[in-house]
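See below for the structure under consideration.
The values are calculated or read from the model by the stated rules, or taken from the named source; none is laboratory data. A quick note: this is a predicted structure, and the numbers were derived from the prediction, not measured. In this analysis, Cβ positions are derived from the backbone assuming ideal geometry, glycine residues included, and neighbour counts consider all displayed protein chains.
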Amino acid sequence: MRIISPNLRTIITVVLYFIFTGYASSQKIYKSGNAESFFSAVSDSLKMEIDKTVSQVTGIKPERTRRLLVFNLDLRNKKLQRGHPSLPYANYAIQLMGKSSGAWETYFSGDTMVFIPETLNQFDALCFNNTAGVLFESKLLRQNLLDYIYEGGGFIGIHAAGATFCQYPVYDQFPEFGIMLGGYENGGHPWGPGDQISLKVDDPDNPVNRAFNKQNFIVKDEVFQFKDHYSNNRLRVLISIDTVRTDMAMKRRILPERRADGDIAISWIKPYGRGRVFYTSLGHNIDLNWNPTVLTHYLDGIQYAIGDLKAPDVATRKLTPAMRAQEKMGWRLGIEAYTFRDKTLLETIEMTNELGLAYFGGLNEQQWVSKEIHKRLDYNLTDEEILVVRNKLIENGIRMLTYYIFDIPGDEATCRKIFEFGRKLGIEVFISEPKIQDLDMIEKFCKEFNIKLAIHNHGLSLSPVYMHPEKIVELCKGRSSLIGAACDFGHWAKEGIDPLKAVKILKERVITIQMHDQSEITPNGRDVPWGTGQVQLAEIYKYLWSEKITPVMFGIEYSYNWGKSLPEIKQSIEFFNSQTLKLSK
């Protein structure tokens with residue numbers, strides 16, 4: 001008797017599900033030139049209206065022509081519905097903007113079989129255009145959708161996408177989708193299609209808000225309000241209801257939570273792991289599809305999600321003058337998990353949020369993932385356990401940028417497991433000290449997964465070669481720019497190596513920095529609050545900024561006064577903030 005593995009059993013279950021529910025047809029994907037049925041309801045006169053508007057809408061020059069999959073499906077109680085009235089108009093406008101700008105080729109589908117990795121990975125972004133209802137129930141397909149975005153795909157949600165995987169009276173039939181999107185529509189429509197609303201521009205300098213020219217925007221549209229999973233600590237609000245200039249009468253049935261805080265967001269962007277999400281509640285009324293302001297907003301949102309438009313997306317609630325300065329510089333300050341080595345991973349993520357930070361560096365040797373998951377943070381975690389970690393990061397508005405693993409072995413099977421694990425967590429950099437003979441194998445995987453390797457210096461006893469910046473430069477000759485150094489200032493200082501001189505030797509091979517200030521540049525040195533010790537931190541910052549060297553993360557790894565170091569950590573953050581405010585001017 002053959003034992004069927006859990007993964008194979010899941011695949012068989014999914015196949016049977018599609019067979020018996022009628023969705024087992026071969027994937028139906030239509031390129032825009034053969035997709036007339038997706039916008040055939042648009043009259044010739046209105047196509048001309050949209051053509052005219054799109055001709056006036058321009059975006060940034062793309063790095064290359066991307067591939068965008070626009071998905072249309074409205075399924076209620078497993079019965080196919082006619083779909084939202086504005087759907088064909090948005091389909092037509094989206095494909096026309098892609099063609100006109102050269103930014104993307106548009107493909108259309110309403111076939112749920114596209115939600116397998118082999119298909120999704122052919123596209124740079126996925127757009128849910130006015131989808132609604134419970135599109136599919138397969139756990140495997142749902143996981144595929146989340147993984148596609150978290151691992152670097154883009155996601156665009158237009159209007160009713162916020163009511164997707166919702167079906168009255170249960171609004172969150174796929175909670176993780178709402179977490180990814182930024183919320184579920186669960187408060188109805190306070191304003192109808194004919195009601196005028198005033199939208200305020202919450203983030204006037206954000207390039208995705210270019211269309212509004214920093215001015216309020218008056219529009220008639222039926223928009224949603226959000227409650228569950230919505231929080232401006234998890235997403236970057238772009239535009240929202242101006243509650244002063246919009247009718248907020250009691251008859252509007254505004255959610256108590258939203259009436260209390262006045263936070264009725266209409267459009268937002270957010271990172272989801274390495275992926276990017278753009279959602280707008282606009283789009284109920286068909287005439288918005290030939291409104292130049294709205295189409296410009298759509299274009300910029302799509303180009304953000306698809307990867308061409310770089311836009312700051314730290315959560316709104318985390319924004320301070322210093323955070324805005326760091327966004328401008330492209331610098332990201334985060335906590336290294338070793339700082340709180342006595343805490344669980346989930347507790348450390350919470351503490352990172354409490355410190356007002358948006359970034360984090362994981363560690364394979366931390367005590368446990370959580371009090372419930374008594375495992376290390378490594379590739380032995382199940383998909384369900386990885387999802388727990390991802391949801392905790394999202395809940396706290398945190399991205400895990402780096403992951404420390406002392407050794408990445410050279411055998412191909414284990415190396416692939418480690419990189420697959422890194423991709424599932426949205427990691428950009430592995431910090432490690434692999435054997436020199438294993439670098440060729442690791443570099444191959446760095447290129448395949450687009451994850452960097454930052455070689456760590458751990459003191460002469462553990463890192464007799466990697467301790468020396470000159471040796472790392474020599475080892476990196478002829479190698480991809482994905483290979484470089486994780487600069488541990490503390491270990492350098494203890495070995496008498498000046499971190500400023502070391503950084504100048506490494507130059508563009510600086511990938512990430514584990515920040516320390518030391519009481520002295522000797523083996524007897526210990527961590528002190530940044531700016532109070534012997535490491536020339538201010539000069540290092542000046543050098544990096546002047547040379548346009550942008551580390552993936554400046555990591556806070558405070559290694560003294562364990563369990564009582566929060567005051568020193570806060571003082572270090574204040575120093576970094578003050579320096580970046582000066583440099584960014």
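Whether any residue in the range 511-523 is among the aliphatic types (A, V, I, L, M) and in a helix (DSSP H, G or I) is what I want to check. If you could, list the steps in order and put the result at the bottom.
Kept after step one, since they are among the aliphatic types (A, V, I, L, M), are these residues of the range 511-523: 511, 513, 515, 521.
Within this subset, residues satisfying the condition of being in a helix (DSSP H, G or I) are none.
No, every residue in the range 511-523 fails to be among the aliphatic types (A, V, I, L, M) and in a helix (DSSP H, G or I).
Any chance you could count how many residues in the range 494-503 are farther than 11 Å from G459 by Cα and part of a helix (DSSP H, G or I)?
We begin by selecting, within the range 494-503, every residue farther than 11 Å from G459 by Cα; these are 498-503.
Now narrow it down to the ones that are part of a helix (DSSP H, G or I): 499-503.
So the count comes out to 5.
Kindly evaluate I286 against the criterion of being over 18 Å from A93 (Cβ atoms), β-branched (V, I, T) and in contact (Cβ under 8 Å) with a residue 12 or more places away in the chain.
Spelling it out, it is not the case that I286 is over 18 Å from A93 (Cβ atoms), β-branched (V, I, T) and in contact (Cβ under 8 Å) with a residue 12 or more places away in the chain.
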The lone exception for F224 - which of (1) over 30 Å from T352 (Cβ atoms); (2) of a type in the set (F, W, Y); (3) at pLDDT 95 or above it fails: (3)
Which one of the conditions (1) in contact with a Gly (Cβ under 9 Å, 6 or more places away or on another chain); (2) not in a helix (DSSP H, G or I) does H491 fail to meet, given that it meets all the rest? (2)
Taking the conditions exactly as written (at pLDDT 95 or above, assigned to a helix (DSSP H, G or I) and touching a Cys at 6+ places or on another chain (Cβ under 8 Å)), does F445 satisfy them or not? yes
Of (1) free of Cβ contacts under 8 Å to residues at least 40 places away in the same chain; (2) within 21 Å of D438 (Cβ to Cβ), T512 fails just (1)
Condition first: outside any helix (DSSP H, G or I) and either under 12 Å from the mean Cα position of the chain (by Cα) or under 18 Å from R399 (Cα atoms) (or both). Now tell me which residues in the range 291-319 satisfy that. G307, K310, A311, P312, D313, V314, A315, L319
I need a count of the residues in the range 228-263 that are closer than 18 Å to L181 by Cβ, free of Cβ contacts under 8 Å to residues at least 60 places away in the same chain, in a loop (DSSP other than H, G, I, E, B) and touching a strand residue (DSSP E or B) at 6+ places or on another chain (Cβ under 9 Å). 2
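Could you please find all residues in the range 544-558 being hydroxyl-bearing (S, T, Y) and either assigned to a strand (DSSP E or B) or surrounded by fewer than 18 Cβ atoms within 10 Å (Cβ to Cβ) (or both)? Working first, answer last.
So in the range 544-558, the residues hydroxyl-bearing (S, T, Y) come out as 546, 550, 558.
If the condition is that a residue be hydroxyl-bearing (S, T, Y) and either assigned to a strand (DSSP E or B) or surrounded by fewer than 18 Cβ atoms within 10 Å (Cβ to Cβ) (or both), then S546, T550 are the ones that fit.
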Out of (1) more than 21 Å from F226 (Cβ to Cβ); (2) modelled with pLDDT under 95; (3) not hydroxyl-bearing (S, T, Y), the odd one out for F123 is which? (2)
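Residues checked against (1) surrounded by 16 or more Cβ atoms within 10 Å (Cβ to Cβ); (2) not charged (D, E, K, R):
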| position | (1), (2) |
| --- | --- |
| C446 | yes, yes |
| N450 | no, yes |
| L462 | no, yes |
| D488 | yes, no |
| E508 | no, no |
| M515 | yes, yes |
| E520 | no, no |
| L537 | yes, yes |
Exclusive hit being modelled with pLDDT under 95, assigned by TED's automatic domain parsing to the domain that holds S32, farther than 30 Å from K310 by Cβ and not aromatic (F, W, Y), set R64, R82: R82
Looking at this structure, is R253 out of contact with any Asp or Glu (no Cβ under 8 Å at 6 or more places or on another chain), closer than 30 Å to Y150 by Cα, basic (K, R) and at pLDDT below 95? no
Scan the range 192-201 for residues that are in contact (Cβ under 8 Å) with a residue 40 or more places away in the chain and crowded, with 20+ Cβ neighbours inside 10 Å and report the count. 2
Condition broken by K542, with the remaining ones in (1) over 30 Å from G275 (Cα atoms); (2) among the basic types (K, R); (3) in contact (Cβ under 8 Å) with a residue 60 or more places away in the chain satisfied: (3)
Report, ordered by the first and then the second residue, all pairs with beta carbons closer than 6 Å, sequence separation of six or more or different chains, a first member in the range 132-150 that is closer than 15 Å to A161 by Cα, and a second member that is of a type outside the set (F, W, Y) and assigned to a loop (DSSP other than H, G, I, E, B). V134/Q173; L135/L73
